[in-house]
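Remarks on the structure that follows.
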Amino acid sequence: MNQEPCTELDVLIVGAGFSGLYQLHTLRPLGLRVKIFEAAADIGGVWHWNCYPGARVDTSSDSYQYSMSTIWKDWHWNEMFPGQGEMQKYFHHVDDKLDLKKDIYLNTRVRSAKWQECQKSWIVTTDSGIVVKTRFFVLCAGVNTEPFIPKIEGLDAFKGACHHTARWPHDGLDLTGKRVAVIGTGASGVQVSQEAAACASKLTVFQRTANPCLPMRQRRINTCMVELEKHKKLKEELYPIMFRRMLQTPGGLAYACLPQTTFSATPEERRLLYEQLYEQGGVALWLLGYSDMLTDKAANDEVYAFWRKKTLARIKDPKVGEKLAPEKPENAFGVKRISLEQNFYEIFNQDNVELVNLKDNPIERITESGIVTKDGTEHTVDVLVMATGFDSISGSITAIDIEGKKGVSIREKWSQGTHTYLGVASSDFPNMFFTMGPQAPSGLCNGPTCAEIQGDWLTNLMKYAQNEHIECIEARPEAEEGWRQLVLGVNAMTLFANAKSWYNGANIENKPFEPLSFIGGIPLYMQRCREEAENGYKGFILS
Ligand code: NA7
């Protein structure tokens, strides 16, 4: 970790997750003074913070990594869907290869940033007392970084252990024999519930909205030496092809949906395909099926009906089944992030596990010893797990007091609707950039792919600025208005438009309901970014 005093920089990067580390690595050859400020005690971003029991990647490990051969050629994944511990080891391997930590200030949370027009620089303050002047301010602060804890009466009075999943104690918290409550059934709630069900004396899962989960079909990857050697050889041949392919698919993954539409197939063909995708596991049923699944409600209903039948067959009590896989779901299938599960539905067949459906029986208050629901029941618990999600995508930026040109904060600017150009910059905030932020492919793209695409693009922009002696880069208001219209327009053509999901900011009170990601897909996003560069960055005021 860097301990050198630091007062003046060319580029300050916020965050040492996938995007921040990549940004640092690609900017280094430009000879600029670049540092990362990271709030956590280690690198890895979400893979540092999310250390709750069962925390696991739900994208297959071959895609969920950097495409640089210096990194992957001597890295071996043990599992198809690695747990948090393996992800941490991966980030340490990345650091060993790229020697990044010497330019990273850990335990350094950025609190504020103020644009200084006369100096064409940002003054950035941190909670560790460092104040730095920097020409460029690059936020790589993450998609799901800012924990959201709902205001529930009495929450502060609870005397047991209470933790948000992304603020789980790093020295661990043993759930064995404990009475555990989990509020929330997104990816984190599902994962922690599976672990708790196996060891807690009682687990109560509080579900507000049923959120379809697909079987992960976890598997270990070639553990014996002979297999490892074979795997290594295959990797060297296939990885370069796979990483190229990932730039050609909408979600930045190595696969995409079929060209056919749902009703061009016969019912038998549809059934066969759905069965194959379900057996394949992971996100297959969500992303590899017919092309109209996320745009046509009738097509979407077909997949949901298939998934529901499969899921109901796994749950013994039909009443519980109806809550977990309702006949009339609140959202279309897959417009809210699909979670992957290993035995999530079976845990509700266990005697020690109870589901409380908050739509029928909401939480009234929290007491010293548990949760009281509307029906008057007090669910006594020792450990309360808040798996309640995040102020996603824009939240990690608006959490910082960032004041731009006219004394207006980014929080105020975006409070009535997010405005960015290409999801990398916002007018009135010169020399400030962000990756994996709002209106980029962020929420609907494989993280490392998005980090690399945006990271390369920003590095090229800075190289251009260096060569052309440009001091100041600011998005043009008309360019960002055009981009906003594209983001809204593409979203409106899909079933995502009405999704009650963090994708649309729907989980945070008073957050505008709008698409927070560009969902036009990676190829179109890359094309627009490429055109912008080829046209001499006309969407920006360069001075
Ligand atoms: P998510 O997916 O946003 O899930 C949050 C969960 O918390 C979800 O089930 C919410 O129900 C629930 N929630 C939120 N507020 C409340 C209140 N007030 N009462 C009850 N339940 C509530 O977050 P995760 O951490 O699971 O996953 C985030 C991403 O990380 C995930 O998408 C992957 O990309 C990895 P709701 O559905 O809103 O009714």
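The values are calculated or read from the model by the stated rules, or taken from the named source; none is laboratory data. None of these values were measured; they are calculated from a predicted model. Virtual Cβ from ideal backbone geometry, glycine too; neighbours counted across all protein chains shown.
Here are the numbers for the structure shown:
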item: Tally of residues being under 19 Å from Pro150 (Cα atoms) and in contact with a Leu (Cβ under 9 Å, 6 or more places away or on another chain) across the range 177-192; result: 8
item: Residue count, the range 183-221 (criterion: touching a Phe, Trp or Tyr at 6+ places or on another chain (Cβ under 7 Å) and either without any contact (Cβ under 8 Å) to a residue 12 or more places away in the chain or aliphatic (A, V, I, L, M) (or both)); result: 6
item: Failed item in (1) surrounded by 14 or more Cβ atoms within 10 Å (Cβ to Cβ); (2) touching a Cys at 6+ places or on another chain (Cβ under 9 Å), with Gly172 passing the rest; result: (1)
item: Close pairs (8 angstrom Cβ cut-off, 6 or more residues apart or separate chains): at pLDDT 95 or above and hydroxyl-bearing (Ser, Thr, Tyr) in the range 113-128, surrounded by 13 or more Cβ atoms within 10 Å (Cβ to Cβ) and assigned to a loop (DSSP other than H, G, I, E, B) anywhere; result: Ser121/Asn431; Thr126/Thr108; Thr126/Arg109
item: Residue match in the range 393-412 (condition: assigned to a loop (DSSP other than H, G, I, E, B), free of Cβ contacts under 8 Å to residues at least 24 places away in the same chain and within 16 Å of the ligand (Cβ to nearest atom)); result: no
item: Yes/no for Glu341 being closer than 21 Å to Ala161 by Cβ and charged (D, E, K, R); result: no
item: Strands (runs of 3 or more DSSP E) contained in the range 142-252 and holding at least 3 residues within 16 Å of the ligand (Cβ to nearest atom); result: 161-164, 179-183, 202-207
item: Residue check, Met436 surrounded by 23 or more Cβ atoms within 10 Å (Cβ to Cβ), aliphatic (A, V, I, L, M) and either away from the ligand (no atom under 16 Å from the Cβ) or more than 29 Å from Leu27 (Cα to Cα) (or both); result: no
item: Identity of the residue in the range 52-83, without any contact (Cβ under 8 Å) to a residue 60 or more places away in the chain and out of contact with any His (no Cβ under 9 Å at 6 or more places or on another chain), that ends up nearest to the ligand (Cβ to nearest atom); result: Val57
item: Some residue of the range 287-305 being more than 30 Å from Gly489 (Cα to Cα) and surrounded by 15 or more Cβ atoms within 10 Å (Cβ to Cβ); result: no
item: Flag for Glu471 being more than 22 Å from the chain's Cα centre (by Cα) and modelled with pLDDT of 95 or more; result: yes
item: Scope the range 382-392; condition out of contact with any Ser or Thr (no Cβ under 6 Å at 6 or more places or on another chain) and either without any contact (Cβ under 8 Å) to a residue 40 or more places away in the chain or part of a loop (DSSP other than H, G, I, E, B) (or both); matching residues; result: Asp382, Thr388, Gly389, Asp391, Ser392
item: Positions within the range 529-543 being surrounded by 17 or more Cβ atoms within 10 Å (Cβ to Cβ) and not in a strand (DSSP E or B), in sequence order; result: Cys529, Glu532, Tyr537, Gly539
item: Some residue of the range 370-385 being more than 22 Å from Arg208 (Cβ to Cβ), away from the ligand (no atom under 16 Å from the Cβ) and among the polar types (S, T, N, Q); result: no
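Matching residues to (1) touching a Leu at 6+ places or on another chain (Cβ under 9 Å); (2) assigned by TED's automatic domain parsing to the domain that holds Ala256; (3) assigned to a loop (DSSP other than H, G, I, E, B); (4) on the phi > 0 side of the Ramachandran plot:
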| position | (1), (2), (3), (4) |
| --- | --- |
| Lys35 | yes, no, no, no |
| Ala39 | yes, no, yes, no |
| Asp42 | yes, no, yes, no |
| Trp47 | no, no, no, no |
| Cys51 | no, no, yes, no |
| Gly54 | no, no, yes, yes |
| Asp58 | yes, no, yes, no |
| Ser63 | yes, no, yes, no |
| Asp74 | no, no, yes, no |
